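This report concerns only the one structure given below.
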Amino acid sequence: SQKIEQNSEALNIQEGKTATLTCNYTNYSPAYLQWYRQDPGRGPVFLLLIRENEKEKRKERLKVTFDTTLKQSLFHITASQPADSATYLCALRSYNAGNMLTFGGGTRLMVKP
Amino acid sequence: NAGVTQTPKFQVLKTGQSMTLQCAQDMNHNSMYWYRQDPGMGLRLIYYSASEGTTDKGEVPNGYNVSRLNKREFSLRLESAAPSQTSVYFCASSALAGGRVGTDTQYFGPGTRLTVL
């Protein structure tokens, strides 16, 4: 069966450190993968998109990698700040999953001052 | 630019009651979506509309109906609410044109928290 998995346990890190979140998928043929941020009581907000033929994408303190051999994307926040505390969702658009964007369950990040 | 707006923000229903969730976007987007979000389940697609006048089922369409009223508005109707439909509902839109695998960056509304007793 097709699955997109993110660590359901919260990730707690100290301010200034690099946060790394993982998104694993099985039985998808991905066209691209996206990362979204969701704050409590709000809708998700788009952060970054990485295509199947790209290894890495950067935007300010954010970096996303995509390894289609390992079937995994890593999302990094460098020099993390308490304001980065939120839930981060990965979402995958696949050639073999219809005309839909499929979301993972999200990982909650807590950055402590 | 309000982006994507949803009404109501909160709603409590009794089992068997009906209601319509409203969604509108002012970004001239082609595609619109309805998701539900439950703890530990992530966002699951209920229905989507790739263009005005078309709608398609997503992953969990049972118990719901939708209407793409015009390019701006996409409503979700629960005809006979059940406790299993207690959830947070999000509407989203994207510029993606129907039938194409383009970059589907989605813009979400603030959500409707629905409780069915």
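The values are calculated or read from the model by the stated rules, or taken from the named source; none is laboratory data. It should be emphasised that the depicted structure is a prediction, and the values quoted were computed from it without experimental measurement. Reconstructed Cβ throughout: ideal geometry from the backbone, glycine too, with neighbour counts over all protein chains shown. Calculation scope for accessible area: heavy atoms of the full protein, side chains included, ligands and nucleic acids excluded. Shrake-Rupley method; radii C 1.70, N 1.55, O 1.52, S 1.80 Å.
Please pick out the residue among B:69, B:117 that is without any contact (Cβ under 8 Å) to a residue 24 or more places away in the chain and either surrounded by fewer than 18 Cβ atoms within 10 Å (Cβ to Cβ) or hydroxyl-bearing (Ser, Thr, Tyr) (or both).
B:69
How many of the residues making up the stretch B:16-48 are at the interface with chain A (Cβ under 9 Å from one of its Cβ atoms), assigned to a strand (DSSP E or B) and more than 12 Å from residue B:92 (Cβ to Cβ)?
Total meeting the criteria: 2.
For the stretch A:20-60: of the residues being open to solvent by 50 Å² or more (accessible area, probe 1.4 Å) and within 10 Å of chain B (Cβ to nearest Cβ), which is farthest from residue A:108 (Cα to Cα)?
Among them, the one singled out is A:51.
Looking at (1) closer than 28 Å to residue B:36 by Cβ; (2) in a strand (DSSP E or B); (3) in contact with a Phe, Trp or Tyr (Cβ under 8 Å, 6 or more places away or on another chain), which one does residue A:43 not meet, given that it meets all the others?
(2)
Suppose we filter B:80, B:84, B:67, B:51 for residues that are in a loop (DSSP other than H, G, I, E, B) and at pLDDT 95 or above; which single one remains?
B:80
Right, residue B:11: surrounded by 18 or more Cβ atoms within 10 Å (Cβ to Cβ) and modelled with pLDDT of 95 or more or not?
When the stated conditions are applied, residue B:11 does not pass them.
Against the conditions (1) under 12 Å from residue A:37 (Cα atoms); (2) of a type outside the set (A, V, I, L, M, F, W, C); (3) within 14 Å of another protein chain (Cβ to nearest Cβ), where does residue A:96 fall short? Just the number, please.
Answer for residue A:96: the failing condition is (1).
Give the residues of the stretch A:67-90 that are closer than 21 Å to residue A:105 by Cβ and small (Gly, Ala, Ser), sorted by residue number.
Listed by number, the residues that qualify are A:73, A:85, A:86.
Suppose we filter the stretch A:65-101 for residues that are assigned to a strand (DSSP E or B) and either touching a residue at least 40 places away in the same chain (Cβ under 8 Å) or closer than 16 Å to residue A:11 by Cβ (or both); how many remain?
Count: 16.
Assess whether residue A:77 counts as being more than 14 Å from chain B (Cβ to nearest Cβ), surrounded by fewer than 21 Cβ atoms within 10 Å (Cβ to Cβ) and either under 26 Å from residue B:38 (Cα atoms) or touching a strand residue (DSSP E or B) at 6+ places or on another chain (Cβ under 9 Å) (or both).
no
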